[in-house]
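K.L.:
I have a structure I would like to understand better, so I am pasting it below and will then ask my questions one at a time.
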């Protein structure tokens, strides 16, 4: 991200009606929002619409931004909340079985033992679909949490800052999710 | 045995995430036409917001004006009632029977 980007100047110009400033803000915030949407929502959800929706929310709430923290933190929190709302609207699968996987997904699941192999684009997509199917059995909060820990490698404190959940609540959730994940993976092996 | 199964499941999960990691990465730049479409939606929403505010102000002014008129009428009627020598009920009887007062 461009460190030289002056957010406050951009906000001031936007409030004065400068459309170029809004354009700069959109370009500045797009990667931050896109990253969160890509990470937390299933692959087939319409990413473009959701990023736009988050940007609209950002602009409508910009007057609440105090400038104490970088704008990217503030927007990340807003984006995460919106993703969680979107996930809450989706149905949680009770479980996922081997028969629910397509042949490509089943191959990808089996190939996940081969740690050394580098997947091609197709394998990566199939692996992602398997991951999405496994994650669809978790609650939106658990799903979000496990991705932040296992994929992004975020610390408990970072997650707490971003979600507003306490560190003990996060630890408790993780403690509960792990056996659930293991059970789901073992079921896919059957 | 159970521990071994847990270890295998954890390992498999980690590998699945590693294999799919590329699909989780976001885009660094918006797709073609995204910024223009977002700006258009932003200005449309701003226009709508301003329109709602205008309608709100007009409704508020109309309510205040209606309240003012109602208060004026009430006060005027009350004032004219108070000016009579008789109670409103008595005055109605006088008017009904056409009794000369003075």
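K.L.:
For the stretch A:75-88, indicate whether the set of residues that are in contact (Cβ under 8 Å) with a residue 24 or more places away in the chain, crowded, with 19+ Cβ neighbours inside 10 Å, within 11 Å of chain B (Cβ to nearest Cβ) and over 17 Å from residue A:170 (Cβ atoms) is non-empty.
P.N.:
Yes, the conditions are met somewhere in the stretch A:75-88.
K.L.:
Hey, does the stretch A:145-154 have a residue that's out of contact with any strand residue (DSSP E or B) (no Cβ under 8 Å at 6 or more places or on another chain) and on the phi > 0 side of the Ramachandran plot?
P.N.:
Scanning the stretch A:145-154 turns up at least one residue that is out of contact with any strand residue (DSSP E or B) (no Cβ under 8 Å at 6 or more places or on another chain) and on the phi > 0 side of the Ramachandran plot.
K.L.:
Follow-up. Within the stretch A:89-178, which helices (runs of 4 or more DSSP H) (wholly inside it) include 2 or more residues that are over 17 Å from the mean Cα position of the chain (by Cα) and in contact (Cβ under 8 Å) with a residue 60 or more places away in the chain?
P.N.:
none
K.L.:
Before we move on, is residue A:78 under 27 Å from residue A:182 (Cα atoms) and at pLDDT 85 or above?
P.N.:
No; evaluated as a whole, the condition is false for this residue.
K.L.:
If you don't mind, another one. Scan the stretch B:1-35 for residues that are under 39 Å from the mean Cα position of the chain (by Cα) and part of a helix (DSSP H, G or I) and jot them down.
P.N.:
B:24, B:34, B:35
K.L.:
Which is touching a helix residue (DSSP H, G or I) at 6+ places or on another chain (Cβ under 9 Å), more than 14 Å from chain B (Cβ to nearest Cβ) and on the phi < 0 side of the Ramachandran plot, of A:171, A:187, A:133?
P.N.:
Within the list A:171, A:187, A:133, the selection yields A:171.
K.L.:
Could you list all residues from the stretch A:50-66 that are surrounded by fewer than 17 Cβ atoms within 10 Å (Cβ to Cβ) and either more than 10 Å from chain B (Cβ to nearest Cβ) or modelled with pLDDT under 90 (or both)?
P.N.:
Residues satisfying the conditions are A:57, A:60, A:61, A:62, A:63, A:64, A:65, A:66.
The values are calculated or read from the model by the stated rules, or taken from the named source; none is laboratory data. Keep in mind that what you see is a predicted model, and the values were worked out from it rather than measured. Neighbour counts run over all protein chains shown; Cβ positions are idealised from the backbone, glycine included.
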